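Note sheet for the following structure.
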Amino acid sequence: MRERLQHYIDGKWVDSEGGRRHEVINPATEEPCAVVMLGSQADVDKAVAAAKRAFTTFSKTPVAERKALLERIIAEYKKRIPDFAAAISEEMGAPVSFAGTAQVGAGIGYMLGTLEALDGFEWEEAIPGTPNARMVHEPVGVVAAITPWNWPLNQICAKIAPCIAAGNTVVLKPSEECPTNAAIFAEVLDAAGVPAGVFNLVQGDGPGVGVALTVHPDVDMVSFTGSTRAGIQIAKNAAETVKRVHQELGGKAPNLVLEDADFATHLPPTLQGVVANTGQSCIAPTRLLVPAARKAEAEAFVKNYFAVVKVGSPADEGAHIGPVVNKAQWSKVQSLIDASISEGANLLEGGPGLPDNVNRGYFIRPTVFSDVTPDMTIFKEETFGPVATITTYTDLDEAIDLANKTSYGLSATVSGTPESAADVVGQLRAGLVTVNGWAGVKGGAFGGYKQSGNGREGGKYGLKDFMEVKTIAQF
């Protein structure tokens, strides 16, 4: 069992002041696999003070120096891929093959996208018609980065890379459900020569370390990824000090299947997004919207796809899916499956309970429902499990209305020919719209409309969101 009982503050591994031990449970075995020390207010105060001191000098470093630092971080990060994969696999249940490729690779993608954004970035812009004035981009200050368990390195890198590139300093609080990859990440930054205080890691939970960071008067910005419920509370906490709040929250993505879709070609790349990471992706396109005339065809195709999805141990290599992260998440998915049955949805595949090949762990049967209507719970609530729903439409206007009939707006998917999809993508209210696929792209801006958050991560726009804009005028 891994033990990570210290925080990384001001360039050193230090003991907690008044923290408490927390065991991390392997969701496949239901046994402890790691232990960390959840931090205290005193730990947060030390980390923020170190970041504030470091900002004085780091904010003035040349861009070329920060770029070289990011390049060293990427090089050190790649050396630790097996360690990252093992930690993520054991703590949140991603199969080790998936953890070592998609999970770890997503973090690299964000760092590479930030490097590319630095090339040619306009740090200073002229103001048209005003020759004696200009606008400049400057770092925000001390950033509190609060990250989730489902794509842990993806979200850590999405925040830390632009923080360093912009000249900010940061205090990271990763999820206590999957914490030790963040400790390895701290070792990576230390090995890369990140100056003391520029990056600080305080392990903790939301009510403890999370709240302490979001209300702290010396934190200038909070960047949070997680549930909409938690995001609302963070915004309220931050309001007292009017700090910047940057959030990527929940999603309930539609997969709008067009009349001309070739199911065999267009559907598999999008259905993969429902089962990948055991459905624990905020952009999983779980709500299939299909033409009423093709309902039976769609039901058969999706049922057959899910019927052959393999479920197995995350410790095994392979293309199977693992468990969901913990008992609470397992219970939530089970309750949504039960509610769908009681509300009249047609169960095509899967259903409640454990898969036949396991007798313990938080595994979910890959599940498909048809005849799902907008008033049903599963149509509205984020599932975070390998569960797809099928809803029919009669014409394109109804399809677009159904796609947008959600309080979220993080992503949307369209399945069909590119020609037909071109008429639809602009009508979908989401920050990411994909055609015949489901994932974002390196260098693209990632973030949501409506209750899916505010701000963007990735590439040029993600870099800008970690900066202030100052107008300088001479009269």
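The values are calculated or read from the model by the stated rules, or taken from the named source; none is laboratory data. The model shown is predicted, which means the values in this text are computed figures rather than measured ones. So basically every Cβ, Gly included, is an ideal-geometry build from the backbone, and we count neighbours across all protein chains shown.
Of the residues making up region 320-344, those that are out of contact with any helix residue (DSSP H, G or I) (no Cβ under 7 Å at 6 or more places or on another chain) and not in a helix (DSSP H, G or I) are H320, N326, G344. Restricting attention to region 150-186, the residues being part of a loop (DSSP other than H, G, I, E, B), of a type in the set (S, T, N, Q) and touching a residue at least 60 places away in the same chain (Cβ under 8 Å) number 2. Checking region 53-75 against the condition returns no match, with no residue being more than 20 Å from E187 (Cβ to Cβ), among the basic types (K, R) and touching a strand residue (DSSP E or B) at 6+ places or on another chain (Cβ under 7 Å). Which count do you get for residues in region 187-221 that are touching a His at 6+ places or on another chain (Cβ under 9 Å) and not in a loop (DSSP other than H, G, I, E, B)? The total comes to 3. Within this structure, S223 fails the test of being surrounded by fewer than 22 Cβ atoms within 10 Å (Cβ to Cβ) and touching a Gly at 6+ places or on another chain (Cβ under 8 Å). If only residues of region 227-244 that are β-branched (V, I, T) and buried (at least 16 other Cβ atoms within 10 Å of the Cβ) are counted, the one that is modelled with the lowest pLDDT is T228.
For region 69-84, the count of residues that are modelled with pLDDT of 95 or more, closer than 30 Å to A328 by Cα and of a type in the set (K, R) is zero. Going by what's in this entry, would G350 be described as in contact with a Ser or Thr (Cβ under 7 Å, 6 or more places away or on another chain), in the same structural domain as L410 (by TED's automatic domain parsing) and either within 19 Å of P285 (Cα to Cα) or of a type outside the set (A, V, I, L, M) (or both)? Yes, satisfied.
Evaluation of S97 against the conditions (1) in contact with a strand residue (DSSP E or B) (Cβ under 6 Å, 6 or more places away or on another chain); (2) touching a residue at least 60 places away in the same chain (Cβ under 8 Å) shows that the sole unmet condition is (1).
So in region 106-157, with the set limited to residues that are aromatic (F, W, Y) and under 30 Å from F384 (Cβ atoms), which one is surrounded by the most Cβ atoms within 10 Å (Cβ to Cβ)?
Restricting to residues being aromatic (F, W, Y) and under 30 Å from F384 (Cβ atoms), the top hit is Y110.
Looking at region 373-475, the strands (runs of 3 or more DSSP E) lying wholly inside it that each contain 3 or more residues that are surrounded by fewer than 17 Cβ atoms within 10 Å (Cβ to Cβ) sit at 467-473.
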